[in-house]
Amino acid sequence: MPSLTATETLSQGPIVKRQKLTVSSASTPKRGAQKPRIFAPFRTVGLVSPTDVPFTTVPLGKTTFQITTSVGRSLQTYDLKKGLHLVFLTRPQTPEIITATTAWNNRVLAAWGGEGSKSSRGIWIFQRGKKVDELELPKGTKENVKQLLAFGSWIVGCCTSKIEVWKSTTLEHYTTLQGASPSLISGGVCNMPTYLNKIFAGRKDGTVEIWNLSTGKQLYTILPETSKYGAVTALEPTPTISLLAIAYASGPVVVHDIRMDKQLLRLNTGASVKSPITSISFRSDGLGAGEDGREDGVMATASNESGDVTFWDLNKKGRKMGILRGAHNPPSLANGGIGGGISKIEFLAGQSVIVTSGLDNSLKSWIFDEIPFSSVPRILHSRSGHAAPISQLQFLPSDADGTDAGGKWLLSASRDRSLWGWSLRRDGQSTELSQGNIKSKAKKMGILGSGLQSLDPRTTLEDLKAPRITCMACSLNRDGGMGAVPDSGKIWDNAGKNRKGTKGPEAGNTGWESVVTGHEGDKTARTWFWGRKRAGRWAFETGDGAEVTSVTISPCGTFSLIGSAAGGIDMFNLQSGIHRQRFPARLTPIQAKRLRMEQLEAEEGLFAMESGPKKFARGQGKHTKAVTGIIVDSLNRTVISCGADGKVKFWDFKSGLLLHEIDWYPMTSIISMRYHRPNDLIALSCDDGSIRVVDIETRKLVRELWTSTTHTQVRPVDFTFSNDGRWVISASTDSTIRVWDLPTGHMIEAMKLRSPCTALAFSNTGEYLATTQEDSVGVHIWTNRTLFTHVPTRHISENEIAFIDAPTASGEGGEGMLEAAVDEEEITEEVGDDEAVLPSIDQLSDRITTLSLVPKSRWQNLLHLDVIRARNKPKEAPKAPEKAPFFLPALNQDPHITGIDSSTALVSASAENASRIMPAKLSRGDSSTNDFTSLLRNAATTGVSIPLIVHLSALSPSAADVAIRTLDATPPYPELLTFMQALTSRLRERRDYELVQAWMAVFLRLHGDTVVRDAELVAAVREWQAEAKRERERLGSLIGFAVGVVGWARSARS
């Protein structure tokens, strides 16, 4: 790199300040290509089946099946026997999005490709999550493979207008099939049993072509009965030989006899709005049809435009057995970006189990009951996630007992009106918080029906769910877990009108709701049980009837505060659901009349301005616009609110009186607020692109952090504090995540993603950063490198933003906690111009006794080195090596035979008998070369002992013990005397108090016998003792005075 070369050139001479600016200016723009310094991509959670690529199944003997789904550029494999437990994630991830998959023996084939004609494409082969081989595409391929089919000795890839064929034995490309018809392939391809080397391809004009793969020729074309059928949308062979099921775009499904070229059966969906069938499957266990379910002939159909699965009995000209309503969410009609519909259904071979996957990011398995017989299956296993991009994200806080569950669980809300809890420990524990039996209510209302069964065609399944969540708050201090409020049947009851409330004693014993959410266009805030993973009892309505814009929960977990779009703030009790307070407090008629008189008197005496802070009367101070943020301080004394009117208000928690107000109007409007409880700091996001940090103790602005100084249209989307309150992390509209260091005010990290970030959260353990993006339904997890390595707080500019991809579902390219700790490519930053070095302050004042910055292990182990040596002493003497075998020559043989030089191999007896341990005393000549001895002599000559103390404090415990042990103990004892005088001088300066005590203890233990024999040494020891006693008495008097003052302040008489 150019910057490294320049640094090496400058290192040959002295480097002056500012000299590096001209050298590194050329390489500054290249810093954007580097990886971020603080956060490293780890993995993505919440992805199950978010794409329209059908899943594939692989039987494992007769016990279980493995189901593989596509999550973008990687595959996820689930084990059905273990409850759809995730067992494999494929690596490496494909260069482009996966477009088709299929199972082949114990392997899985995945086709991938980009959208453009010049994009790269390929087909990879995976086995147990690892890439083992790949298929070579013909040169000039401009179409993606939409479907893969493997049977016999062939592998078939279906594109839009042609079919590619490979040999499965050699994995070589065999031929390309492209007919004379200009119509595109719309129904995919399939093969039929006993039809050797034959495939069937459905086209957009309604025809089905039969091709011979071995000869590469088209054998026959099956024409539709009428041109009104439209395009072929699905093909599936039946268990009966020579019968093929064909689905058309106009709705009907036809069972066609291939040998006779005759239509045997036609099935119509019968709905008023006919959705084309896109997936067909046949039951193969010989049961399910007939009146008692003992006959064969069950077919299931599904569409990507509906969430229902229809089951047909093909006996006696065919009939509709039943419909599995709401197997998956239907496509959204109101809001864009919400996935719905069924991508594939498949009966497992020989089993009464059907597996379905939907575009709502879910994978489900269903089982048919034989006794009593049921034509519609029930749910067996389910894995799912959000069906739309996530809009709200929050790590769970710690419990009241201090457990670390807060750093392992995530709460997320999406546009699909769902609330999910994600486990970072085990994916199988992730679950959606229930909103009641939505499907049962929809069936009663006729929403899941069709035709005349629907009471209101404008009502959809989404309308039965709570509106989209716009804000949420959580506190686990009073969460009752699974046993919270037993036998609570009703959900979201408006108990504010009932002054008595309900279930107070039961909730007091078992706990109550711990999550509160506000919803779009709704005037009620809803509660949730986190422990029970379901909706709560209460729906809190705003006092002014306006939309809920912000919510919070008090730190005790008992009260919930709701802010409205009209500026009102209401407080409710989570245990009983009763309304407790309003901010500002409500006025009685007499109080309102008195307030009006005071306002008139104030207007008359307006010229007499009073000095001091402004005082607010009861009932004053309501926000004039929407309340955008509410928090409660740690002691339940103050409520802080902010609004779109540009004001930050401080309220008394008990009385509801306004205590203080910060007014930034009309300079800016406040969008949202975050609170860091340990530091009592609040951060407020403003519409001018800034994040302002306020200290709630002093109620003063302490920092202004600007998202961009050049682009005024860049706004913060979401932001949060780090766990220690040192950083503020924000996501802005320009797809950039920025990190500010609050002590210095520097932007120390910036990384730009490929799509805008919609929400972010930082774990309270400091391990993870969670982000969500506009084009993904998953939650991206990043690891924090600062837990293991030093990250400089150098201010970076907008030109040094790092461009990076989001974490992947497979975790490829990411760093876990261990990888981040042992990363070979460490971040190296030169101290100087790039990083501001904070000055090292040894002592704030000479009147303060200061401890050293030396780790405790250095001076604590110094006192117990003898014990450590005795403990580590070997229990037995080393054994002599065993004799070499007879075929190996000995060292004392002829050197010409062994080829070993005796001068280097043989060891003299004198060398063997010589001691390998350094003598305890060093001579005068040897001590002169010792650093410690030379520093002792300089201290005796100049009287300056600071270099001696600094050198000794930098030594390890064993080295410091050797240095003190090897002091010259021969008369007239100059080194012993100088050493004690240096310790006394350091004690007099009130520095390194614990080091001086430890060194003196070791010195007296080693040289105590010598000290007592010399009067000058005894006098030096007494001088040190007197200084230590004087300092001890001084500290004791100061501590006694402080204790007395505190006791007087806390006494009842004061």
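The values are calculated or read from the model by the stated rules, or taken from the named source; none is laboratory data. Note that the structure is a prediction, hence the values are computed from the model and not measured. Here Cβ is always computed from backbone atoms with ideal geometry, including for glycine, and neighbour counts include all displayed protein chains. Side chains are part of the model used for accessible areas, which takes the heavy atoms of the whole protein and leaves out ligands, DNA and RNA. Shrake-Rupley method; radii C 1.70, N 1.55, O 1.52, S 1.80 Å.
The table below lists the values:
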| quantity | calculated |
| --- | --- |
| Residues in the range 634-649 reached by a label modelled at Q620 [backbone nitrogen below 17 Å; 7 Å Cα→Cβ] | 648-649 |
| Percent of Cα-Cα distances greater than 15 Å, calculated over the range 122-208 | 60 percent |
| Extension gain from I367 to K465, taking 0.36 nm per residue of separation minus the Cα-Cα distance | 32.6 nm |
| Reachable lysines, given that their alpha-carbon falls under 20 Å from the alpha-carbon of K700 and they are not under 8 places away in the same chain | K614, K615, K647, K649 |
| Whole-angstrom gap from the range 935-988 to the range 122-137, using each part's C-alpha centre | 69 Å |
| Order by protection proxy (mean Cβ within 10 Å, highest first), peptides 726-734, 119-127, 80-88, 875-883 | 726-734, 119-127, 80-88, 875-883 |
| Under the Karplus curve 6.51 cos²θ - 1.76 cosθ + 1.60, θ = phi - 60°, whole-Hz ³J(HN,Hα) for the range 117-125, x wherever Gly or Pro sits | 6, 9, 6, 6, 9, x, 9, 10, 10 |
| By average C-beta atoms within 10 angstrom, highest first, the peptides 692-699, 49-56, 1006-1013 | 49-56, 692-699, 1006-1013 |
| Estimated translational D of the range 204-301 in µm²/s (Stokes, Kirkwood radius over Cα pairs; 10 °C; 1.306 mPa s) | 109 µm²/s |
| Net charge of Cβ neighbours under 11 Å - reference S284; Lys, Arg +1; Asp, Glu -1 | -2 |
| Column: log10 I(q)/I(0), Debye, Cα scatterers of the range 955-997, q = 0.24 Å⁻¹ | -0.92 |
| Spatial separation of Cα centroids for the range 168-190 and the range 748-799, in angstrom | 45 Å |
| Environment charge of L977, counting only residues whose C-beta is closer than 15 Å and scoring Lys/Arg +1, Asp/Glu -1 | -2 |
| Spin-label pair T226/N938, simplified geometry with 7 Å Cα→Cβ offset, distance in nm | 10.5 nm |
| Sorted peptide list for 753-759, 363-369, criterion being average Cβ within 10 angstrom, highest first | 363-369, 753-759 |
| Convex hull volume per residue in cubic angstrom - Cα atoms of the range 952-1054 | 122 Å³ |
| Solvent exposure ordering (accessible area, 1.4 Å, most first) of K490, K262 | K490, K262 |
